[in-house]
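Presented below is the structure to which this report refers.
What follows draws every value from the coordinates through simple rules; no lab data is involved. Keep in mind the model is a prediction, meaning the values are calculated, not measured. Backbone-built Cβ (ideal geometry, glycine too); neighbour counts: all protein chains shown.
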Amino acid sequence: MSSGQARLTRYRMTQQRFVERRENDWRHLDDMLARVGRRGIRGLTPEEVVELGGRYRSLAGDLAYAQGRGYDPRLLAYLNRLVARAHAVIYGANTQAGSARIARFYTHTFPREFRRSIVPIVLCAALTVVCAVVAYAVVGSHPADAYALLPKGMIPPEIRKSLHNSNFNFDTGNSPLAASEIITNNVKVAVLAFAGSATLGIVTVYIIATNGLMVGGLGAMFANAGFGYDFWATVAPHGAIELTAIQIAGAAGLLIAAGMIAPGRLRRRDAIRANAARAGVLFAGVASMLVVAGTIEGFFSPLRLPADARIAFGCVTAILLAAYFTFAGRSDAAEL
């Protein structure tokens, strides 16, 4: 036997031993992937789902070993196909699982936490309404008092046009930029209300109260100028979502503050941790709500629609929002 033939024999024996040692694992993985192909990831038991990742990594190592040894191209092609199938199943399943978690957050987790946290949300909403009514009454009777109630930057120098037609509110030629700025500003307000928990809720209450004063005070100023109905019609399309989001952000801040002030039977750090988890759910939902509200305010609200149409649109968004928080997530399990 020549030296070349001897090397070929040793090569074949080495590849043969490699295949004999690993073939059963490859076939088992192939069977698992076939079941996934027929029934989806539910075709595997929970233990097999965990096992799948380990077998995939082991197979990838086998492919690298076989490539390094220069084994038969047919074997390499087989291992490549198997690796590709396993990769598609594993990372496709992870993507689907991530999408399912996101969907469940909006269909169950967020609305359920909203209902569970209804007391601090109602408290923030009540504070907003009271402050708005007070500001509306005070500024409506004494316009100069607006400077005592509102931040100076929020007071228009002189109101000669309706809010919908004034540069103070809209630039219809640049809706994407307007939407981005509106969303950014609203998120800042929500973050401040949420972060106010670090001051035992004092800053949270201040932000919520200031927001109410601003809404009522500006409403009175435009009403005094003869544009009151248009003001509320301009606020209506995005107002239900935006104002509700601010109240939820405030409630999230109060939840954490409550864990600091009144931990109940829990240790303070445990109460803070538990309430912070709930607050995190609320704030994640708030961020999405503010994106929706900012988009409406940047793209829809500037449209030159009649005031009644804008009011009607706002009523529809309010009804849909109320239905979402009332009914979403109630179908498949009792709430805690």
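Here the residues Y71, Y324, ranked from fewest to most Cβ neighbours within 10 Å of their Cβ, fall in the order Y324, Y71. Here C131, C124, C315 are placed in order of increasing Cβ neighbour count within 10 Å, fewest first, which gives C315, C131, C124. Here r is the Cβ-Cβ distance between T45 and Y91 and R0 is 25 Å; the resulting FRET efficiency, rounded to 0.05, is 0.80.
The Cβ shell under 13 Å around R57 holds other residues with a net charge of -2, Lys and Arg each +1, Asp and Glu each -1. A simple rule links phi to the HN-Hα coupling: the Karplus curve 6.51 cos²θ - 1.76 cosθ + 1.60 with θ = phi - 60°, which for region 99-112 gives 5, 5, 5, 5, 4, 5, 4, 7, 8, 10, 4, 5, x, 5 Hz, with x for Gly and Pro. The stretch between V122 and A64 holds 14.8 nm of extra length on full extension. This uses 0.36 nm per residue minus the Cα-Cα distance. When H108, H238, H28 are arranged by Cβ crowding within 10 Å, least crowded first, meaning fewest neighbours, the order is H28, H108, H238. Extending 7 Å from Cα along the Cβ direction at A34 and again at R304 yields two label points whose distance is 6.9 nm. The distance between label points at A103 and A84 comes to 2.8 nm (points 7 Å beyond Cα on the Cα→Cβ vector).
Take 212-221, 74-83, 255-264 and order them by the average number of nearby Cβ atoms within 10 Å per residue, most first; the result is 212-221, 255-264, 74-83.
If you take the beta carbon distance between V191 and S141 as r and set R0 to 35 Å, what does 1/(1 + (r/R0)^6) give as a FRET efficiency, to the nearest 0.05? Given R0 = 35 Å and the Cβ-Cβ separation, E is 0.55. Model label sites at V316 and L76, defined 7 Å from Cα along the beta-carbon direction, differ in position by 6.1 nm.
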